[in-house]
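The next block holds one structure in the form of structure tokens; read it before the comments.
What follows draws every value from the coordinates through simple rules; no lab data is involved. Just so you know, these numbers come straight off a predicted model, no measurement behind them. Using ideal geometry, Cβ is built from the backbone for each residue, glycine included, and neighbour counts are taken over all protein chains shown.
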Amino acid sequence: MSINRVLSVAPMMDWTDRHCRYLHRLISSQTLLYTEMVTAPALIHGDADRLLAFNVAEHPVALQIGGSDPDQLATATRMGCDAGYDEVNINIGCPSDRVQSGRFGACLMQEPELVADCVSAMMDASTGAEITVKCRIGVDDQDPHQVLPKFIETVSARGIKSFAVHARKAWLQGLSPKQNRDVPPLDYDLVHQIKRDRPDLEIVINGGLQTFDAARKEIDAGLDGAMIGRVAYHNPMEILAHADALFGVDSPVKTPEQVIRGMFPYIQNHLDHGGRVNQITRHMLGLFAGQVGARIWKRTLSDQAHVAGAGVEVLETALNATLELQRRALAD
Ligand SMILES: Cc1cc2nc3c(=O)[nH]c(=O)nc-3n(C[C@H](O)[C@H](O)[C@H](O)COP(=O)(O)O)c2cc1C
């Protein structure tokens, strides 16, 4: 299957778990969804079944892995293929200390040849999933205008056709991972330059896109796709409600209420298997972002969903309170 990456939700640790992805899939049937990063050693030595579990409704879904050992990455890729992922993406962008000590993530921007060996091993191991790369434009004192084209050239020479570029550098010392998502300046022009120089490659832009229209603007200006992280999580309706149109698919645009009710059977099934409601509702807090009632929706869920034994009725209560506020606001 060839994947359309015109819009994707970025991999985000602790956020884009399978419950979050199911929610996003209900809002957009087409947007490509990425898992949280899982390291190759964690997959190989850990509870792979749990780490790889996803719902078939999530397709198209991409597994993001981290590592710098070609053999381990090959094994992890094979495991991802066996689990049914449509794409396996390697993380060359994450700057956290934990990641650097394992010599993977953003620090690999300094070792394009090693990355090339890694992706070669992954491509050889893949039994169907497309192999892609998510990277930064450079790290520390590197000059992105020199480093990024060279990195893309070296890695694409091994057959990689699709890159998602977080359009800012990462500082490996002195900035927290959170600061590394905001402080280094964005350079969208460089990402566009890469696309102009390498029209044969699929170039997806990431970083700082705040609205659906901002994403569409980058695509209209020549890029192959936009990958959105934080705003897709905090305000999923803004980014995803109209997203299917970008794929040329005419889906009915859902309301938050329809999305919430659509989640009920999934949540009930999770509860029936011993799960807790707040494991899912924590990803749903932004469904009314920017609308009247956003606060009461969030507050009711936050207050009630963690109580032992809480079930779907918590969502019903929060929804009724929110819709009532919206009705009153309309009548005013
Ligand atoms: C909570 C959180 C966790 C993240 N985890 C990952 C990750 O596991 N892998 C990765 O490549 N990037 C990760 N990122 C970075 C995002 O994928 C994305 O590159 C970044 O947030 C910039 O995009 P945005 O401005 O649209 O949020 C994470 C970001 C956040 C906010």
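What to note about this one:
- Here the Karplus curve 6.51 cos²θ - 1.76 cosθ + 1.60, taken at θ = phi - 60°, turns the phi angles of the range 272-286 into couplings of 4, 9, x, x, 10, 5, 6, 5, 9, 5, 4, 8, 9, 5, x Hz, with x standing for Gly and Pro.
- Note on the range 1-31 and the range 223-248: Cα centroid distance 9 Å, given to the nearest whole angstrom.
- By the Kirkwood approach, averaging reciprocal distances over each pair of separate Cα atoms, the chain gets a hydrodynamic radius of 20.5 Å.
- Sequence ranges 81-87, 166-172, 184-190, ranked by mean other-Cβ count within 10 angstrom, highest first: 166-172, 81-87, 184-190
- By other beta-carbon atoms within 10 Å, ranking Trp297, Trp15 with the fewest at the front produces Trp15, Trp297.
- Adding -39500 (n - 2.57) for every DSSP H run of four residues or longer, then dividing by how many residues the chain holds, sets the calculated 222 nm ellipticity at -13000 deg cm²/dmol.
- Value of relative contact order over the chain, rounded to a whole percent, pairs C-alpha under 8 Å and six or more apart: 16 percent
- Averaging 1/r across all pairs of distinct Cα atoms in the range 49-205 and inverting the result yields a Kirkwood radius of 15.8 Å.
- Pairs over the 30 Å Cα-Cα cut-off, from the set Lys134/Lys217; Lys161/Lys254; Lys195/Lys298; Lys195/Lys254; Lys178/Lys298; Lys169/Lys254: Lys161/Lys254; Lys195/Lys298; Lys195/Lys254; Lys169/Lys254.
- If you plug the beta carbon distance of Asp143 and Lys178 into 1/(1 + (r/R0)^6) with R0 = 22 Å, you get a FRET efficiency near 0.30.
- Largest mean-square fluctuation among Gly105, Gly222, Gly248, in a Gaussian network model of the chain whose springs join Cα atoms under 10 Å apart, belongs to Gly248.
- Virtual paramagnetic centre 7 Å along Cα→Cβ of Met13, amide N under 15 Å, in the range 57-87: 64-68
- Residues Glu153, Glu238, ranked from the fewest to the most other C-beta atoms within 10 Å, line up as Glu153, Glu238.
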